[in-house]
Amino acid sequence: MVAAASLARLGVPVVLIEAEDEPKTDWRASTFHAATLELLAELGLGDRMHAEGLVVPVYHFRDRREGLVAAFDFTLLADETPYPYRLQLNQQHLVRMLHERLRALPEVELLFGTRVTAVEQEPGGGASVTARTPDGTRVLHGAYVIGADGPGSTVRRSLGVDFHGYTYPERFLIASTSVDLAEALPGIAEVNYIADPHEWLFLLRTPESWRAVWPVPAGQSEEEATEVARLQRQLQGVAPWAAGYPIIDRQLYRVHQRVAERFRVGDIALIGDAAHINSPMGGVGLNSGIHDAVDLSRRIARIASGTSPAVAEAELAAFADVRHRVAVEYVQADTQRNTQRLRETDEERRRAAHAEMRAIAADRDRARAYMRRASLLESVRRFGVGLPPGQTAPQAPAPVH
């Protein structure tokens with residue numbers, strides 16, 4: 001939807017194909033970082049997102065036994081971005097806002113309840129999509145196809161592109177409750193990464209609820225892991241709450257670290273989870289996917305305005321190269337490191353990691369550099385988003401002390 005809105009804003013007509021009959025309302029990602037908020041503001045969504053979202057300038061790295069290890073304050077980045085914080089807003093609300101926008105745009109055709117079954121590069125240029133609609137099979141032809149169809153991507157499989165990486169043996173469980181965990185655990189931040197060699201935790205607040213995320217052993221069944229009495233015991237283990245925890249949502253899912261071998265084949269490109277999927281520790285999966293979408297949209301719009309075949313090829317090659325590098329060097333590297341830091345069982349490495357986090361938080365320049373990377377500002381300032389081939393991103397401003 002971000003890709004469609006971005007293309008339409010730039011005057012490029014687009015057909016959006018979605019297998020579901022309507023926008024999904026399940027709870028998924030919930031964090032928007034500074035670099036992403038800058039891009040979404042260009043689509044005119046900033047005010048609505050902030051009206052419904054929760055501004056979180058500080059997050060904690062904690063240890064389940066030792067308590068607070070380090071606090072990180074994004075306001076250190078106030079000289080570089082108008083959004084020196086995380087905005088907590090469940091993903092379905094952005095989807096709703098985009099859907100309302102797209103329905104009103106003449107450049108956009110929405111095909112909900114339509115499932116893509118195959119994608120092909122056409123010999124003379126452009127691409128085609130074979131899709132199953134409620135009334136039969138339809139073949140659509142376009143200048144480009146953008147595969148934003150998730151980790152099980154039909155587009156990626158049609159292209160024969162490998163999805164390299166691995167799957168964590170444990171699954172992650174999310175339980176959401178209406179109880180204010182800040183009251184149950186005085187002193188915690190609104191976003192908390194909590195290390196523990198036996199059962200790490202991720203606690204964060206959204207406008208609707210608090211979420212707790214913890215690992216589920218590989219041998220435990222889904223029925224056992226999501227059973228209400230077990231969830232209640234798990235949450236009571238996080239913080240005792242005499243009245244019991246109302247559980248308003250729960251999800252169990254597998255977590256992967258994978259990157260597509262290529263992000264583009266001819267006039268067909270991959271973005272978001274179709275191109276790369278990662279641990280949620282850091283909240284960068286949705287964000288980096290949005291960056292993919294805006295990067296590619298800007299390039300397609302420039303191609304559509306009239307360029308030579310050589311320039312068009314350079315634009316698409318630049319997209320594939322830059323976004324693959326960001327996925328590997330930033331998204332994969334950081335989420336792997338974040339996850340391992342929480343689940344580390346070797347006591348010497350645990351203590352070394354805690355000491356490193358304390359040292360970073362205590363040093364203003366190191367803390368600033370750490371948060372630039374965590375907020376994706378570093379990757380955006382380094383590579384840009386949709387910069388023309390050969391053009392380098394402007395240098396970030398020097399920190400103001």
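Being in contact with a helix residue (DSSP H, G or I) (Cβ under 6 Å, 6 or more places away or on another chain) and open to solvent by 30 Å² or more (accessible area, probe 1.4 Å) is the filter here, so list the residues in the range 232-249 that pass it.
Passing the criteria: Trp241, Ile247.
So which residues in the range 32-63 are of a type in the set (Asp, Glu) and open to solvent by 20 Å² or more (accessible area, probe 1.4 Å)?
Glu38, Glu42, Asp47, Glu52, listed by residue number.
Can you tell me which residue among Ala359, Ala369 is open to solvent by less than 60 Å² (accessible area, probe 1.4 Å) and in contact with a Lys or Arg (Cβ under 8 Å, 6 or more places away or on another chain)? Explain how you work it out, then say what you get.
Numbers: Ala369 fails: in contact with a Lys or Arg (Cβ under 8 Å, 6 or more places away or on another chain).
None of the other options fit; the residue is Ala359.
Of all residues in the range 199-231 being in contact with a helix residue (DSSP H, G or I) (Cβ under 7 Å, 6 or more places away or on another chain) and surrounded by fewer than 19 Cβ atoms within 10 Å (Cβ to Cβ), which is nearest to Leu68 (Cα to Cα)?
Result: Pro207.
Would you mind finding the one in Arg350, Arg323, Arg302 that is touching a Pro at 6+ places or on another chain (Cβ under 9 Å), touching a residue at least 24 places away in the same chain (Cβ under 8 Å), farther than 30 Å from Asp196 by Cα and among the basic types (Lys, Arg)? Let's see the steps before the verdict.
Numbers: Arg350 fails: farther than 30 Å from Asp196 by Cα; Arg323 fails: touching a Pro at 6+ places or on another chain (Cβ under 9 Å).
None of the other options fit; the residue is Arg302.
Somewhere in the range 336-351, is a residue surrounded by 15 or more Cβ atoms within 10 Å (Cβ to Cβ) and under 22 Å from Ala78 (Cα atoms)?
Checking the range 336-351: not a single residue is surrounded by 15 or more Cβ atoms within 10 Å (Cβ to Cβ) and under 22 Å from Ala78 (Cα atoms).
So which residues in the range 262-293 are assigned to a loop (DSSP other than H, G, I, E, B), open to solvent by 20 Å² or more (accessible area, probe 1.4 Å) and farther than 26 Å from Glu170 by Cβ, if there are any at all?
Passing the criteria: Arg262, Gly266, Asp267.
Rundown of residues vs (1) closer than 12 Å to Leu94 by Cα; (2) at pLDDT below 95, yes/no style:
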residue	(1), (2)
Ala8	no, no
Val15	no, no
Glu20	no, yes
Arg28	yes, yes
His33	no, no
His50	yes, no
Gly53	yes, no
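Considering each of Asp162, Asp196, Asp135 in turn, give the residue that is over 30 Å from Ala352 (Cα atoms), touching a strand residue (DSSP E or B) at 6+ places or on another chain (Cβ under 9 Å), among the charged types (D, E, K, R) and open to solvent by 10 Å² or more (accessible area, probe 1.4 Å).
It is Asp162.
If Ile188 meets every condition in (1) within 22 Å of the chain's Cα centre (by Cα); (2) crowded, with 19+ Cβ neighbours inside 10 Å apart from one, which number is that one?
That leaves (1) as the condition not met.
Out of the range 237-258, which residues are assigned to a strand (DSSP E or B), under 15 Å from Phe172 (Cβ atoms) and under 16 Å from the mean Cα position of the chain (by Cα)?
Once the filter is applied, which keeps residues that are assigned to a strand (DSSP E or B), under 15 Å from Phe172 (Cβ atoms) and under 16 Å from the mean Cα position of the chain (by Cα), the range 237-258 yields Tyr253, His256, Gln257.
Within the range 47-60, track down each residue that is touching a helix residue (DSSP H, G or I) at 6+ places or on another chain (Cβ under 9 Å) and under 30 Å from Leu201 (Cα atoms).
Those that are touching a helix residue (DSSP H, G or I) at 6+ places or on another chain (Cβ under 9 Å) and under 30 Å from Leu201 (Cα atoms): Met49, His50, Glu52, Gly53, Val56, Pro57, Val58, Tyr59.
Identify, please: which residue in the range 142-162 is of a type in the set (A, V, I, L, M, F, W, C) and assigned to a strand (DSSP E or B) and is, among those, farthest from the chain's Cα centre (by Cα)? Show your work before the answer.
So the first thing to find is which residues in the range 142-162 are of a type in the set (A, V, I, L, M, F, W, C), and the list is 143, 145-146, 148, 155, 159, 161.
Among the residues that remain, those that are also assigned to a strand (DSSP E or B) are: 145-146.
Working: Val145: 21, Ile146: 17 Å.
The extreme case among them is Val145.
Can you pull out the residues in the range 71-120 that are out of contact with any strand residue (DSSP E or B) (no Cβ under 6 Å at 6 or more places or on another chain), free of Cβ contacts under 8 Å to residues at least 40 places away in the same chain and over 18 Å from Arg373 (Cβ atoms)?
Hits for the range 71-120 are Glu100, Arg103, Ala104, Pro106.
Taking the options Ala51, Ala5, name whichever one is in a helix (DSSP H, G or I) and closer than 28 Å to Thr114 by Cα.
Just a single option satisfies the conditions, and that option is Ala5.
When you go through (1) open to solvent by less than 20 Å² (accessible area, probe 1.4 Å); (2) part of a helix (DSSP H, G or I); (3) in contact (Cβ under 8 Å) with a residue 40 or more places away in the chain one by one for Ala312, which number turns out not to apply?
Condition (3) is where Ala312 drops out.
Restrict the check to the range 129-141 and report whether at least one residue is assigned to a loop (DSSP other than H, G, I, E, B) and of a type in the set (Gly, Ala, Ser).
Within the range 129-141, not a single residue is assigned to a loop (DSSP other than H, G, I, E, B) and of a type in the set (Gly, Ala, Ser).
The values are calculated or read from the model by the stated rules, or taken from the named source; none is laboratory data. Please read all numbers here as calculations on a predicted model, not as lab measurements. Cβ coordinates were reconstructed from backbone atoms using ideal geometry, including for glycine residues, and neighbour counts include every protein chain displayed. Only protein heavy atoms, including side chains, enter the accessible area calculation; ligands, DNA and RNA are left aside. Shrake-Rupley method; radii C 1.70, N 1.55, O 1.52, S 1.80 Å.
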